[in-house]
Structures are given as C-alpha cells and as structure tokens.
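The values are calculated or read from the model by the stated rules, or taken from the named source; none is laboratory data. Owing to the predicted nature of the structure, the values given are computational and were not obtained by experimental measurement. Glycine gets a Cβ as well: all are built from the backbone with ideal geometry, and neighbour counts include every protein chain shown.
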Amino acid sequence: MKVIVLAAGKGTRMDAGADGPPKVLHTVCGRPMISYVLRALDFIAPADTVLVVGYKQEAVRAVLGPAYVYAEQTRQLGTGHAVLCAEPALAGYPGPVLICYGDMPLIRQTTFRDLIDTHRREGNACTLLSGVSRQPLPYGRVVRGADGAFAEIVEDADCTPTQRQIPELNAGVYVMEATLLFPALRRVGGTNAQGEYYLTDVPALLKARGGRVGIRRSEREGEILGVNTAAQLADVEARLRESGAAADFL
C-alpha cells in the first residue's frame, strides 16, 4: 500500500502573517497538525508515504525528517496537479494508492483502514470517503443513484438547491489504483477556467470508463473537517482534546 499526503499549501487564511509557517505545521494541541495525520497512517511504512510539499518545504522536511518520501509541487495548480507531482515517486508501482491531506487531523486510523478494506473487498477502481457535519461546509455533495451506488460528485458552488440539501459530503480522501489514477488525471487536464487539475473529476471519469466507484461513509460527525482558517484550527483542537486523541502523543 502506498499513500500520498498533500502538504504543499501556504494557509493564507490562517492569520499567521506573510511569513507564517506552512499550513500543515500550524500546531494543534502543541503539535503540527500533520503529525496527527501521519500518526493515523503509521500502519503504512514511511518509505511508502509520499509527502507532496511546496511552500516552505524545507521547514516541513526538517520537522518530519528524512524517513518519508518527498515530492515537490512548485506551482499551485489544484489537488489533481499535486497528486501528479507524486507520480515519479511511485514509478512502476501498480497497486492501490491512498490520497489524503495533511490538514485533516481528525480522521482516525480505523477510518483509513476501513476505506482501504472496502476498496480491496469490492475490487473498486476508486473508493471515496464521505462524511457528515452539522456545520455548513463548502464540500462537494456525493450524489447516489436509485440503487445507492455512486453517481457523481457535485461541487458546492454547482449544487442545485435540492443537491445542497444532501447531507453526504465528499471528504476528498480516496483510494485509487495507480495504473488508473495518473492516466485519468492527465485526461482531466487543466482545461477549466482556473487552469487547475481537479482530483474530484477523477471518480466520474473512471466510472464513465467502466470502473467501479465505491463509497465508505464515516458516521462520526465532523471527522472530515479540514483546517483552512484560524477558527477551524481552534475547532479541530477542541475536538481532539474532547476525544482524547491528543493524549495519544503524550
């Protein structure tokens, strides 16, 4: 099993000033938030863990150490582009790849394991993690067909009023087969107005080409929360303290 952790962002909305740390090094309960992600992923060897870094990457490397594999994203062209930056580090690898984020410290190891197990058990081309939140989040909605199977992801900005009421949100965390993932990303391309590669386009593309797309839903409220602002950082810290997860590092 290989994993790609996206950790290249600057965190411009974190209120840390122009010279603030990379987003993933902002601290939660006294530790960099990415530490919680890597702790949840410690069932996968560091040598099989690719960290995509960019802004102040030297600081990220210094904190996390040389055991991990690093890939550099020099331009911010979307999450799909960030994943493509990891392709050389996975050259020749034909198996499943877990894709997740360094700014989502609430996801538990059991959730990652369940997602991987679902992917393997169902023989999926792609398996996505979905979840729920009482907070209004600008996440894509997971649209299911009449049979309950995956139909599409509709981004929040593109939702109809009815779709916006769908409680099942796309966490942006996936397991995909490497042999399908990277060719699909190149087919997606940067043809949109922003010139970015959208990872969220890949599941529908794989489905259209006959691949099975599965869903593993987390029923733990708020587990899929990411951190983009100082207020969200404080919220995540409070949740970690309440759950006792922060004490695992002590």
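Numbers below:
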| quantity | calculated |
| --- | --- |
| Some residue of the range 186-207 being at pLDDT below 95, touching a Pro at 6+ places or on another chain (Cβ under 9 Å) and at negative phi | no |
| Leading residue by the ranking (farthest from the chain's Cα centre (by Cα)) among those in the range 194-233 that are among the β-branched types (V, I, T) and surrounded by fewer than 22 Cβ atoms within 10 Å (Cβ to Cβ) | T229 |
| The range 59-95: number of residues that are in a helix (DSSP H, G or I), closer than 24 Å to H119 by Cα and of a type in the set (G, A, S) | 3 |
| Subset tally (residues that are closer than 25 Å to L77 by Cα and either among the polar types (S, T, N, Q) or touching a strand residue (DSSP E or B) at 6+ places or on another chain (Cβ under 7 Å) (or both)) for the range 1-21 | 8 |
| Inter-residue pairs, beta-carbon under 7 Å, first among the β-branched types (V, I, T) and in the range 67-90, second surrounded by fewer than 20 Cβ atoms within 10 Å (Cβ to Cβ) and modelled with pLDDT of 95 or more, 6+ apart | V69/A47; V69/A89 |
| Whichever residue in the range 129-145 is within 16 Å of the chain's Cα centre (by Cα) and either farther than 19 Å from R164 by Cα or of a type in the set (V, I, T) (or both) and, among such residues, is surrounded by the most Cβ atoms within 10 Å (Cβ to Cβ) | V142 |
| Matching entry among L6, L25 (being within 16 Å of V236 (Cα to Cα) and of a type in the set (A, V, I, L, M, F, W, C)) | L25 |
| Matching option when the condition is more than 16 Å from P32 (Cα to Cα), among the hydrophobic types (A, V, I, L, M, F, W, C) and buried (at least 22 other Cβ atoms within 10 Å of the Cβ), among V97, V69 | V97 |
| C29, sole failed condition from (1) of a type outside the set (V, I, T); (2) exposed (fewer than 14 other Cβ atoms within 10 Å of the Cβ); (3) touching a residue at least 40 places away in the same chain (Cβ under 8 Å); (4) on the phi > 0 side of the Ramachandran plot | (2) |
